[in-house]
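Structure first, then comments.
The values are calculated or read from the model by the stated rules, or taken from the named source; none is laboratory data. None of these values were measured; they are calculated from a predicted model. Cβ atoms come from the backbone with ideal geometry, glycine included; neighbour counts cover every protein chain shown. For the accessible areas, the whole protein counts, side chains as well, though only heavy atoms, and no ligand, DNA or RNA atoms are used. Shrake-Rupley method; radii C 1.70, N 1.55, O 1.52, S 1.80 Å.
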2 protein chains.
Amino acid sequence: MAEAADKLKDLVVSEDQKPKKEKKPKEKKEKKEAKPQQQKKKIEGAALIGIDVAKEDDLGEWYQQVITKGQMISYYDVAGCYILEPASYAIWESIKDWFDTQIKTLKVRNAYFPIFISADNLQREKEHIEGFAAEVAWVTKGGKSELEKPVAVRPTSETAMYPYFARKIQSHRDLPLKLNQWNNVVRWEFKHPMPFIRSREFLWQEGHTAHLTKEEAGAEVMQILDWYADVYQKLLAVPVVKGTKTENEKFPGADYTTTIEGFIPATGRGIQAATSHCLGQHFSKMFNIVVEDPAAKEAGKADKIHVWQNSWGLTTRSIGVMILTHGDNRGLVTPPRVAEIQVIIVPVGVTAKTTPEAKEDLYGKVKQIHDDLLSVGVRVETDYREGYSPGWKFNDWEMKGIPLRIEFGPKDAEKGVVTTSRRDLPSKELARGETAVTDLKEAIPKLLDTIQNDMFERADKEYRAHRKQITNWDDFVPALNGKNVVLVPHCEGEKCEDQVKELSARKEEGDTTTEDAKAPAMGAKSLCIPFEQPEGIVKGETKCINPNCTATAKAWVLFGRSY
Amino acid sequence: MAEAADKLKDLVVSEDQKPKKEKKPKEKKEKKEAKPQQQKKKIEGAALIGIDVAKEDDLGEWYQQVITKGQMISYYDVAGCYILEPASYAIWESIKDWFDTQIKTLKVRNAYFPIFISADNLQREKEHIEGFAAEVAWVTKGGKSELEKPVAVRPTSETAMYPYFARKIQSHRDLPLKLNQWNNVVRWEFKHPMPFIRSREFLWQEGHTAHLTKEEAGAEVMQILDWYADVYQKLLAVPVVKGTKTENEKFPGADYTTTIEGFIPATGRGIQAATSHCLGQHFSKMFNIVVEDPAAKEAGKADKIHVWQNSWGLTTRSIGVMILTHGDNRGLVTPPRVAEIQVIIVPVGVTAKTTPEAKEDLYGKVKQIHDDLLSVGVRVETDYREGYSPGWKFNDWEMKGIPLRIEFGPKDAEKGVVTTSRRDLPSKELARGETAVTDLKEAIPKLLDTIQNDMFERADKEYRAHRKQITNWDDFVPALNGKNVVLVPHCEGEKCEDQVKELSARKEEGDTTTEDAKAPAMGAKSLCIPFEQPEGIVKGETKCINPNCTATAKAWVLFGRSY
């Protein structure tokens, strides 16, 4: 199977493209002309440095170039595994810091459970193991010896943690028990891998909590989902839709799954962004996590009740969604709140004719600008590299997605200003501005906030424009083909949902050699039942969108092709 | 082999004792008398709660009770793997925060490399793979399919990372390259496992750097070692000896290994605390990590030079060394700097006769004390639990190792003081003190500093008292038997070192069913060649301590039985 997976061609991450030598930007120049880009737009500046294929022409190739040249990902010689380079790991650390602070307010405590799970425990919850069995990696050898009992590498830790919950929870006084871990998990997928989006190993946090009541558990599920939405919307500037998963799509073993669903405009596909599950009592029954009912005890009885459990997870996939959302034909565009470097200062106007004294004077002023920004908490670097032109440097930092560039040369010094250039705006005219050196400490943090907000607003507008509310089946597939996700009246029936997927798939044609090429032929699955429900569904009257379904609609359900 | 390991009896972590039900303190009471402690000291207070075996009588059983009842570790159903509970994980997080801040000053950047390593890469450096082959865990199955090529679970990441180094380092301008990762590694050991000290999976950081020159690499090795010593000495209050490993004991594939060596007074055994390796050019030659020599280039030549590499690691073992060093017969003793909770406030003097108003008044004052301490950065909690006596609470928090307890009752309120009780001092008289409520914000942080310093000073004094400088072979084994490590003149010969181990082992007798029981019969290995060398070795004259060795001594070498 691994072999089979290796043979599948995937333009997004072609197996034979890795581990390829990731050339330095400087060396790229010579190689450029080798690859004819037939019928593809010529990217401005591409001859100099950078990304040489347009996002709108070939998303797979574009993504690969952006993440490697932007130094987020480097390829690795185990299929489906990727190296998170410092720039992307720094984004993960900033997500981690923020989210960890939030959950501490709920008195969630971090812990660490082993990566290995015994087969016995893994298989205790039936639906759960059915959901994961196909993608569990097994350690069967230690040194040169076969293990008597193979151990599973955790795909998630419910079954690793809940025997512990059963030991620790002896009384209702031990509730709630709230644990979280930041760790790595492995899902040995045989689908097309794609860095960040679908990889065999990924990083995440997984929260696991136990409560006395369903209500308390439910409130936490929603609080966590709100914070997940904040991670995407406020930190990564990526819009999401909150909702509940249908029965077909919920977590294996959960009572219900809440989710935030993102959207990749370039393909028109939805993408699951993070999920917060109420597990109900499924696991507590299997793992025998019980307490005496305090109410029953007062009444002189001794009824045992099974605890109510939640689990919730947010992964490094979030970084991929951010890149796919904001990246453009010059490379990465990183939102200021999570960028490792928020501002890059590039000294300009230094030529062969510049005297050493003039250069020293200029660099002294540059250093002062740098230190001023640092003093107000801006993450700033200065590019003093010799032997590279300012133009080359601009492109280099743009490719890496640094939110704001400051240029400073003798002419700026004379006027007492710096020239700023926003990474998020496409045209030079819009992007450029001037700020008085004396105002920098106030103006730059404000400008970074503006960039952050504008990035979200634009992405949000685009996502809204591509959520089509549809009531007629005839509009369903054309809407998908127009790179939209669709909000439709649906009966919430599990089989009906399968039918919708089948009906919306195009089987007759299409290039099936790559996932992206296949995408237009892909059927739509339900993404979520959004919390925010438009009006228009009359119970018992409004028909389910599926022309073959006789049931009436229960709710507006978001469907789409998806990752 | 796994089976064989499972059959080995180990009192420290007996396989059949886990996953045992970890009883709550309250339920312990009834069970207490069941286990007769023949010839063992009766522990004061043991009848009430807590640890029921003395550290000096049975270290293995004592350790097991201390880590489980102190809620640092919970057992797990995969042999050699343990659950790090929130209290111990919090210590790890505080080590992490501190050390991460230090290495950032060297511009080390965090990244994440996959947990899986291909067999090809793992085997590229010969000595390295020889050192690790016996303990590598292999994933051979994904879902139900056999993998075509099994992948190794990282035991360390040199071979995972260095192909990346080879790609990224193209010019001397790309040097130094300094990466670090905080992750989990797996060494499928078949020796006796012991929580924190020797486990099949553990957490650590691993730094990997590449430099242009040997000197630069060497300076970093020493800087990191200094910080490792600070983690132990300043954070964990555990003394260490800095030195270099002998050829026999250095890291597989390294040029040289520097180390900090700790000491467990209860067994008189040494323990490797953390290591910082200069890998020299061994790996850069195998992985072809080269740059043009900038000096040769200026001279018109084009010589390639292999980069100089370091790797350095600090693990969760550090927490175990801390526990073994400071823990006493009442349980854990945690140094204030790393304690999740530094101060526990216990309201006292509330009886059945206390009026609700008086209680409310007292609790209001307690809350004020709590908030005052919080406002000056003290990590403080208050124990308001109903239904437990103050005495029970005292024991409970002592078992958990909270550095300082504050008692506050109506009598204290009248006098305007709080009663303090230090966890680190053995007698009640020494431990107790009074502090004016109005002084708390200044006095408590100072008192915590005093506790921290005193803990280190006591441990340091003890370690010094147990490092015996010896020149006569006849004193060697008796010194070991007296629970010492020994500093001896040695020739640094590899075979001679093996001989010393053999000669110092006692074969004729002893209980061999458990590691601790076997320890007195264990031979001594070299721990390190301390940087700090006493006088007394005359080159070419002073004889090596080994009576069968004809060579002269090169240095004072620290030998000892060890973990």
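For the reader, a short list of remarks on this structure follows.
- In Å, descending, principal axis extents of the Cα set of the range B:311-421: 62, 30, 22
- Residue-averaged [θ]222 nm for chain A, counting only DSSP H segments that reach four residues, each worth -39500 (n - 2.57): -10000 deg cm²/dmol
- Label-point gap, in nm, between A:A521 and A:E386 - each point 7 angstrom along Cα→Cβ: 5.8
- Once C-alpha pairs closer than 8 Å and six or more residues apart are averaged by separation and normalised to the residue number of the range B:270-347, the relative contact order reads 29 percent.
- Other-chain or far-sequence residues with amide H under 5 Å of A:Q469's (modelled H): A:L487
- For the range A:467-560, share of DSSP beta bridges that run antiparallel, in % to the nearest 5: 75
- Estimated FRET transfer efficiency when R0 is 51 angstrom, pair B:K144-A:T552 (beta carbons, to 0.05): 0.80
- Computed 3J(HN,Hα) for the range B:400-412, one whole-Hz value per residue from the Karplus formula 6.51 cos²θ - 1.76 cosθ + 1.60 where θ = phi - 60°, is 7, x, 4, x, 9, 10, 10, 9, 8, x, x, 5, 4, glycine and proline marked x.
- Rounded to two decimals, the Cα radius of gyration of the protein assembly as shown over 2.2 N^0.38 Å is 1.00.
- Pairwise centroid distance, computed over Cα atoms, of the range A:393-437 with the range B:345-413, Å: 58
- Modelled FRET efficiency - R0 51 Å, B:T355 with A:T101, Cβ distances, 0.05 increments: 0.80
- The value of relative contact order for the range B:467-560, using C-alpha pairs under 8 Å at least six residues apart, is 37 percent.
- Beta bridges assigned by DSSP with both partners in the range A:343-463 are antiparallel in approximately 55 percent of cases.
- Theoretical gain in end-to-end length, A:F531 to A:E502 [0.36 nm per residue, Cα-Cα removed]: 7.9 nm
- Per-residue mean of foreign Cβ neighbours for B:69-77 is 3 (Cβ atoms of other chains, 10 Å radius).
- Basic side chains Lys and Arg get +1 at the Cβ, acidic Asp and Glu get -1 at the Cβ, and with that the dipole of the range A:286-341 about its Cα centre reaches some 180 debye.
- Size of the A/B contact, given as accessible area buried on both chains, probe 1.4 Å, in Å²: 6000
- Dipole in debye (nearest 20) - the range A:314-411, about Cα centre, beta carbon charges: Lys, Arg +1; Asp, Glu -1: 240
- Given A:K168/A:K191; B:K191/B:K242; A:K214/A:K245, the pairs whose alpha carbons are separated by over 28 Å: A:K168/A:K191
- Between the range B:182-258 and the range A:458-474, the Cα center-to-center distance that results, in Å: 55
- Taking a ≥ b ≥ c as the square roots of the eigenvalues of the Cα gyration tensor, the range B:418-563 is classed as prolate, since a/c reaches at least 1.5 and a/b is larger than b/c.
- Computed from phi, the 3J(HN,Hα) profile of the range A:58-69 under the Karplus parametrisation 6.51, -1.76, 1.60 (θ = phi - 60°) reads 8, 4, x, 5, 4, 4, 4, 5, 5, 6, 7, 6 Hz, with x in place of Gly and Pro.
- Computed from Cα atoms, the angle from the helix B:494-504 axis to the main principal axis of chain B rounds to 40 degrees.
- For the range B:343-463, the residue among B:L404, B:A358, B:W392 whose Cα projects farthest onto the positive side of the dipole built from Cβ charges is B:W392.
- Neighbouring Cβ atoms from other chains, within 10 Å of the Cβ of residues in A:114-122, number 5 on average.
- Sulfur and carbon atoms: percent of accessible area, the range B:164-318 [1.4 Å]: 48
- Acute angle (nearest 10 degrees) that the helix A:317-326 long axis makes with the longest principal axis of chain A, alpha-carbon atoms: 40
- Check: the protein assembly as shown dipole with +1 on Lys, Arg Cβ and -1 on Asp, Glu Cβ, in debye: 340
- Lys/Arg +1, Asp/Glu -1 at C-beta; the protein assembly as shown dipole; positive extreme among A:I117, A:P239, A:Q181: A:I117
- For the residue pairs A:K149/A:K304; A:K96/A:K400; A:K126/A:K539; A:K393/A:K468, the C-alpha atoms sit more than 31 angstrom apart in A:K149/A:K304; A:K126/A:K539; A:K393/A:K468.
- Rolling a 1.4 Å probe over the protein heavy atoms of the range A:467-560, with every protein chain left in place, gives an accessible area that is 48 percent carbon and sulfur.
- Gyration tensor (alpha-carbon) shape descriptor, chain A, a/c threshold 1.5: prolate
- In terms of its alpha-carbon gyration tensor, the range B:60-138 comes out oblate; a/c meets the 1.5 threshold, while b/c is at least as large as a/b.
- Sorted from nearest, the other copies put their A:E135 label points 3.3 nm away, the label point being 7 Å from Cα in the direction of Cβ.
- Residue-by-residue Karplus 3J(HN,Hα) for the range A:279-292, coefficients 6.51, -1.76, 1.60, Hz, glycine and proline x: 7, x, 10, 4, 6, 5, 6, 5, 9, 6, 9, 10, 9, 6
- Inter-copy label distances for A:A299: 9.3 nm (label point placed 7 Å from Cα along Cα→Cβ; shortest first).
- Ligands, DNA and RNA excluded, the heavy atoms of B:D449 present near 90 Å² of accessible surface to a 1.4 Å solvent probe.
- Around the amide H of B:R109, modelled in the peptide plane, lie the amide H atoms of B:K178, B:L179, B:N180, all under 5 Å away and 5 or more residues distant in sequence or on another chain.
- Qualifying trypsin sites (Lys or Arg not before Pro) in the range B:324-392, DSSP loop, other Cβ atoms within 10 Å at most 15: B:K353, B:R385
- Across the identical copies, how the A:D460 labels are spaced - nm, sorted shortest first, 7 Å along Cα→Cβ: 5.7
- When you restrict to C-alpha pairs under 8 Å that are six or more residues apart and normalise by the size of chain A, the relative contact order lands at 14 percent.
- FRET E, pair B:E130, A:D77, Förster distance 25 Å, beta-carbon r, rounded to 0.05: 0.70
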